[in-house]
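Just below is one structure, and these are the notes that go with it.
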Amino acid sequence: MLTLTRKVGERLVIGTDIEITVVEVVRGKVRLAISAPRTMPILRGEVIERIIDENRRAVPTMEISAKPETRLAIDFPEGILGLPAHRSFVVMDVADRPGLRALVSTIDPSILLLVVEATELAPDYPVERARELSGHEDTDVAVALVVTLPANSAVATVNLLAPIVIGMSSRRGVQVILEGMGLPVRCELIDIPDEIEAAH
């Protein structure tokens, strides 16, 4: 890790596209101004940590009985947050759970995430914004939300903050973060319409 000392007004340049300027330092807090391409996500570390924790929590103890068909795999070049070793997944139906699908790792079928189509749960979900952030050139994309089924009798939750976007023709997937929209990382399924409305 590179450690640098900067004063107010001084800049850091990363590559040719990113510039960070120290704006203010007050009582141990640093204000930064960041200039970067709109397509490049700039995220707070604690948001990433919350999503990593939620993805790990969402991996259920259930297993899919069928073997994943690797020829139908969706590649995640950057991985999924919290599951960095798993970069290839297959979408499979989940028995007795209509509307739910499973993203099953092709290298270890015990690693899977339950997902649901975003617009099935919330017709007003910001699908277009998720597509923009994904960098997909495909016009036909699926936007899925990670569902966590609790081990006890608690209510299932869904991650509205970090959808998974899959290009249907490229078969490439990416998890994006819709920061700044007021969407929660853990929302009870019954509260989804209220959370989406509050975010608009």
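Quick look at the numbers
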item	result
Strands (runs of 3 or more DSSP E) lying entirely in region 1-61 (those with 1 or more residues that are over 24 Å from V115 (Cβ atoms) and out of contact with any strand residue (DSSP E or B) (no Cβ under 8 Å at 6 or more places or on another chain))	18-26, 29-35
Considering residues of region 33-69 that are among the basic types (K, R) and at pLDDT 80 or above only, the residue surrounded by the fewest Cβ atoms within 10 Å (Cβ to Cβ)	R56
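The values are calculated or read from the model by the stated rules, or taken from the named source; none is laboratory data. Model, not experiment: these values are computed from the prediction. Glycine gets a Cβ as well: all are built from the backbone with ideal geometry, and neighbour counts include every protein chain shown.
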